[in-house]
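Some notes on the structure that comes next.
The values are calculated or read from the model by the stated rules, or taken from the named source; none is laboratory data. The model shown is predicted, which means the values in this text are computed figures rather than measured ones. Counting neighbours? That spans all protein chains shown, and the Cβs are built from the backbone with ideal geometry, glycine included. Heads up: the accessible areas ignore ligands, DNA and RNA and are worked out on the full protein's heavy atoms, side chains in. Shrake-Rupley method; radii C 1.70, N 1.55, O 1.52, S 1.80 Å.
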Amino acid sequence: MPGPPITATEGDLVEVTLRNADVERGVTVHWHGYEVPSGEDGAAGLTQEAVAPGQEFVYRFPASQVGTYWYHTHQVSDIGVRMGLYGAFVVTPRGSPPSGLDLTLPVHAFGSTTALGDQDRAVERRVAPGTPVRLRLVNTDSTPRRFTLDGTPYRLVAVDGRDLNEPGPLGRDTLVLAAGGRYDIAFAMPAGPATLLVDDDHAGGLRLLPDGSAGPGAGVADTAGWPELDLTRYGAPAPTPFDASSRFDRRFTMVLDRTLALAGRTPKYAQTVNGRAFPSTPTQVVRENDLVLMTIVNRGQDIHPWHLHGHAVLVLSRNDRAPTGSPLYVDSFDVRPGDVWQVGFRATNPGLWMNHCHDLSHFAQGMALHLAYAGITTPFHGSHGG
Ligand code: C2O
Ligand code: CU
């Protein structure tokens, strides 16, 4: 654990064979945040059946987006992902291979231990001062994780795999990463140590030490009080293909709450969308090329990291305030108690898609629905057998 890192170069055709050796409840691979054709999306029960022990399934899709993504099982995902059925998926630009130190760090809690990649202790690396460093942080948990970097200024250059416009220097800031989300941070290796901490846990994290230095050197700062970066005010504005004043073809409102609801025919406490739990949540229907507005309201007490498959959404407003920084395209974002988010997207990826909370225990308690393109009944495709 985790699964093997999968890397590709922009424009590659990616082919991945999933073989289920012995996971009784079945497995799939979902390419989180990646705009794959719907039939490759790995949503068990929607785009494919779960792969049973002894069976296999071949995923095949073009690597048309660059950036940091991840993959995970989407069958009983609250258990499977928690236990380690996930890995990183990174696509780099054709013609400019990664230079310097480029590290992908999926963060995951195994009980009270936090793993960074495949290490569950502090990771040390020697790096020559001046080396360009890119750290790709992936939150594979169901709750937000907090990152700080001590020892050098840096920039948050990409969110959910998509570059920010003119990201400015950061320092004593805390980056709060939603469940399922990714942050790429970049800096030049300083002459002294640089330390990445997760949730201010000084026993773990990543320590980059300049070549030639003897040991960890000076202690690491207490970063617990460093203020949270407000992403909606970070970077510089740039033109976007639409904004909050555009004419939307479809508008959906999702009110999130924890209530007594019907899940199928049984009433139970559930994490609900508009008072209903999956599979009783009505499907959202769009037509190809629709401009779609989604308003997400959190009326409950829990954080809901929202995740739409197959599309990145542009953040239009949070709590009635439009972003003043870089355009923000995300696939995973924390809707906190009391929050109202407006996000929009152009419906250009026909298929059947999951739209759900990425706190996977909330997902299992019903906080999910389908988004379907009109006229599409099944995205299943040809033979995937082994
Ligand atoms: Cu990362 Cu529907 O999942
Ligand atoms: Cu939730």
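General observations
- The residues of region 221-262 that are over 19 Å from residue 286 (Cβ atoms) and outside any loop (DSSP other than H, G, I, E, B), listed by number, are 228, 231, 232, 233, 255, 256, 257, 258, 259, 260, 261, 262.
- Residue pairs meeting the criteria (Cβ under 9 Å; at least 6 apart or on separate chains; first open to solvent by less than 30 Å² (accessible area, probe 1.4 Å) and at pLDDT 95 or above, in region 243-261; second hydrophobic (A, V, I, L, M, F, W, C) and assigned to a loop (DSSP other than H, G, I, E, B)): 248/242; 256/367
- Members of region 124-162 that are touching an Asp or Glu at 6+ places or on another chain (Cβ under 8 Å) and of a type in the set (Ser, Thr, Tyr): 142, 143, 148
- Condition met for residue 369 (buried (at least 22 other Cβ atoms within 10 Å of the Cβ), farther than 14 Å from residue 179 by Cβ and either more than 16 Å from ligand 1 (Cβ to nearest atom) or in contact (Cβ under 8 Å) with a residue 40 or more places away in the chain (or both)): yes
- Qualifying positions in region 68-86 - open to solvent by 10 Å² or more (accessible area, probe 1.4 Å) and either polar (S, T, N, Q) or in a helix (DSSP H, G or I) (or both): 75, 78, 79, 82
- Of all the criteria given as (1) away from ligand 2 (no atom under 16 Å from the Cβ); (2) over 24 Å from residue 81 (Cβ atoms); (3) surrounded by fewer than 19 Cβ atoms within 10 Å (Cβ to Cβ), the one not satisfied by residue 316 is (3).
- Yes/no for residue 310 being under 19 Å from residue 163 (Cα atoms) and part of a loop (DSSP other than H, G, I, E, B): yes
- For residue 326: the one exception among (1) within 14 Å of ligand 2 (Cβ to nearest atom); (2) hydroxyl-bearing (Ser, Thr, Tyr); (3) open to solvent by less than 30 Å² (accessible area, probe 1.4 Å): (1)
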